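The values are calculated or read from the model by the stated rules, or taken from the named source; none is laboratory data. On a predicted model such as this, the values are computed, not experimentally measured, just so you know. Neighbour counts are summed over all protein chains in view; Cβ atoms, including those assigned to glycine, are modelled from backbone coordinates with ideal geometry. Quick note on the areas: whole protein, heavy atoms, side chains included, nothing else; ligands and nucleic acids left out. Shrake-Rupley method; radii C 1.70, N 1.55, O 1.52, S 1.80 Å.
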Amino acid sequence: MDVSGGRGQPRPGNDESAEHTGPEAPAPGGTGDAPTAPSAPTPADAKDARPEGPTPDAGAPAPESGTPQDTGAAPDHGAPDRGAPAHGRDRAPEHPESPADRPARAPAGRPEHPDHPFAHSGSGKGQAPQRPEERRRGGLLMGRPFGVPVYVAPSWFLVAILITWVFGGQIDRVLPELGAASYLVSLFFAVAFYASVLVHELAHTLAALRFKLPVRRIQLQFFGGVSEIEKEAETPGREFVLAFVGPLLSLVLAGLFYLGLLAVDPSSVPGVLLAGLMVSNLIVAAFNLLPGLPLDGGRMLRAVVWAITGKPMTGTVAAAWVGRALAVCVLIGLPLLTQSGALGSDAVDNVGMDTVLDALLAAILAAIIWTGAGNSLRMARLREHLPELRARTLTRRAVPVESDTPLSEALRRANAAGARALVVVDADGVPVSLVREAAIVGVPEHRRPWVPAGTLAQDITDGMRVSAELAGEELLDALRATPATEYLVVEETGEIYGVLSAADVERAFVKAMARPS
């Protein structure tokens, strides 16, 4: 049995594409600083319509059941079209037979599937993996400290208005001579408070960059901020440091504001501002030190359990469930503490507007913590299954054809060989381009004998050559670096292994996301 297939003879890949088991994986959320998970590849164009035309004949590729077909008329996003169907070429079809045109065989130990047709998965216009955050800006861009973009979410403006209103009333009671200016002072406090939150997040960012962990962005949002770190710390010790530096910086800021307060009159405007910032940073530090995900204290607990058990997944599960228990405690306990006067206010016997606001605040905080804990569990489960995404097992079997081979003949050879991809080779058998699946579907049946396969192909660039050994996040990163619909999979020796479809990777990603740990 021919294992290598000779020069230009692709080694066939896996015939079995993963099933589409659900929608695209949701983006991680919450308020913690936990690493964000890679996302699945997404179709390049969600507006593709099903083709309306003659049904395929016996020699044409049969689409997979239940799979939408793409018109293929528009060029792929991220994959420039190197040629269009030759609608004006009406010459009779030729069937040149060269060594490069002979279909490849399956390597030793891998079964042939001669009955598996050249199929179309998804829309045929899958795109390299994109994280949901890469497709939305996330708010107003404020700057790029240390090269990391900082965004302010629209929800921040609502919180700023709320802080200005509440704190302005308190300043008016302490400094009644300010009058309406007390609300300007309160607005300054709101901005200064979120500046201290930004310092908290920058501490996480600098620690991540120190550990060679890429940070996608920082976002200031409702009830704080989040540093989106793309990868997980390699050791529990680094995880602990990465989580602890945020609350530590908040405590340092509280100390600095306290020292500043000693140098001014506490009943003056600077004194009121410094006292408010000191107390708010103490609250931020204390709240983030609570031992439950997605808070920094939860990540610290995760690191401790990880160090004890040696299993990061065990640490995540423990910290996430503690986080959920914490959410329930916040939901029930915060209104009770406020009403009893344990937090420094007067005890309340009846239900008033303040009690309702306290209950609403507790419900929002509890929902944020509960949701963040659940997202942490889902991301951990995904990272546990990511190594199962292997280029070698997702690769489609391919047959080589020359550029002037009629499309109908190329598809006949692919179906006969049980292949699901076409690689265009030159006279020496060297691969030069990949026939795009979407373009094939866009060619009517009666035109296929007169359309050369090379006119439907995408030139192979360096980024479109993927190692068969790639798996997990490395595979997703490689596909994101060069967006395309198909990739040429090669061995470490440069030998052709097959063709990888971004749509197949998407399906496998969603399937891994849905599978329990």
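Summarise the accessible area of segment 178-302 (1.4 Å probe, protein heavy atoms) by the percent that is carbon and sulfur. Intermediate values should be presented prior to the final figure.
Details: 3920 of 5070 Å².
Looking at segment 178-302 in its full context, I get 77 percent from C and S.
Provide the per-residue ³J(HN,Hα) series for segment 147-160, in order, calculated from phi with Karplus coefficients 6.51, -1.76, 1.60 and θ = phi - 60°, each as a whole number of Hz, with x at glycine and proline positions.
Computed from phi, the couplings for segment 147-160 are x, 9, x, 10, 10, 10, 6, x, 5, 4, 5, 5, 5, 4 Hz.
If I stretch the segment between Gln170 and Thr393 completely, what's the gain in nm (0.36 nm per residue apart, minus their alpha carbon distance), one decimal?
Details: separation 223, 0.36 × 223 = 80.28 nm, distance 6.40 nm.
Extra length from Gln170 to Thr393 when fully extended: 73.9 nm.
Taking H as built 1.01 Å from N, whose amide H comes closer than 5 Å to the amide H of Ala421, not counting residues under 5 places away?
Val399
Amide H to amide H under 5 Å from Val432: which residues, 5+ apart in sequence or cross-chain, H placed 1.01 Å off N in plane?
HN-HN under 5 Å from Val432: Val424, Val425, Asp426.
For segment 389-517, what proportion of DSSP beta bridges, expressed in % and rounded to the nearest 5, is antiparallel? Numbers along the way, then the final one.
Details: 14 of 22 bridges.
The antiparallel proportion sits near 65 percent.
Percent antiparallel among DSSP beta bridges with both residues in segment 360-434, to the nearest 5? Write out the running numbers ahead of the final one.
On the way: 3 of 8 bridges.
Counting DSSP beta bridges with both partners in segment 360-434, the antiparallel share is about 40 percent.
Which semi-axis lengths, in whole Å and largest first, follow from the square roots of five times the eigenvalues of the Cα gyration tensor of segment 152-262?
33, 16, 8
Report the label-to-label distance for Leu248 and Glu474 in nanometres (one decimal), using points 7 Å from each Cα along the Cα→Cβ vector.
Rounded to a tenth, the inter-label distance reads 3.2 nm.
Given a 1.4 angstrom probe, I'd like the percentage of the accessible area of segment 404-498 that is carbon and sulfur, rounded to a whole number. Spell out each step's value before the answer.
Working: 1480 of 2840 Å².
Percent of accessible area from carbon and sulfur atoms in segment 404-498: 52.
So for segment 401-517, considering every pair of alpha-carbon atoms, how many percent are separated by more than 24 Å?
Numbers: 2076 of 6786 pairs.
For segment 401-517, the fraction of Cα-Cα distances above 24 Å is 31 percent.
Contour minus end-to-end for Glu491 and Phe188, with contour as 0.36 nm per residue of separation and end-to-end as the Cα-Cα distance?
Using 0.36 nm per residue and subtracting the Cα-Cα distance, I get 103.1 nm.
Quick one: what are the phi-derived ³J(HN,Hα) couplings along segment 481-489, Karplus 6.51/-1.76/1.60 with θ = phi - 60°, whole Hz, x for glycine and proline?
So the J values, rounded to whole Hz, are 5, 9, x, 7, 9, 9, 9, 7, 9.
For Val264 and Ile161, what does the FRET efficiency come to when R0 = 30 Å and r is the distance between their Cβ atoms, rounded to the nearest 0.05?
Numbers: r = 27 Å, r/R0 = 0.92.
With a Förster radius of 30 Å, E is 0.65.
Can you list the residues, at least 5 places off or on another chain, whose amide H is less than 5 Å from the amide H of Arg217, using H built in the peptide plane?
It is Glu228, by chain and number.
Take each of the peptides 205-212, 450-457, 367-374, average the number of other beta-carbon atoms within 10 Å over its residues, and list them starting from the highest. If you can, show how the numbers build up before the last one.
Numbers: 205-212: 17.5, 450-457: 23.2, 367-374: 21.6.
Result, highest mean Cβ count within 10 Å first: 450-457, 367-374, 205-212.
For Ala286 and Leu209 in one chain, what is 0.36 nm times their gap in residues minus the Cα-Cα distance, to one decimal in nm? Write down the numbers at each step before the final one.
Working: separation 77, 0.36 × 77 = 27.72 nm, distance 2.49 nm.
Residue separation times 0.36 nm, minus the Cα-Cα distance, leaves 25.2 nm.
Per 5 Å bin, what percent of the C-alpha pairs of segment 140-215 does each bin hold, from zero upward?
Whole-percent P(r) values from 0 Å outward: 3, 14, 19, 17, 14, 11, 9, 6, 4, 2, 0.
What is the P(r) of segment 224-381, as percent of Cα-Cα pairs per 5 Å bin from 0?
It works out to 2, 9, 14, 17, 16, 15, 12, 9, 5, 2, 0, in whole percents.
Can you work out ³J(HN,Hα) from phi for every residue in segment 372-380, in order, using Karplus 6.51 cos²θ - 1.76 cosθ + 1.60 and θ = phi - 60°, giving whole Hz and x for Gly and Pro?
Residue by residue, segment 372-380 yields x, 5, x, 5, 4, 5, 5, 5, 5 Hz.
Quickly rank 426-438, 399-411 as a protection proxy: mean count of other C-beta atoms within 10 Å, highest first.
Values: 426-438: 20.2, 399-411: 23.4.
Averaged packing, sorted descending, gives the order 399-411, 426-438.
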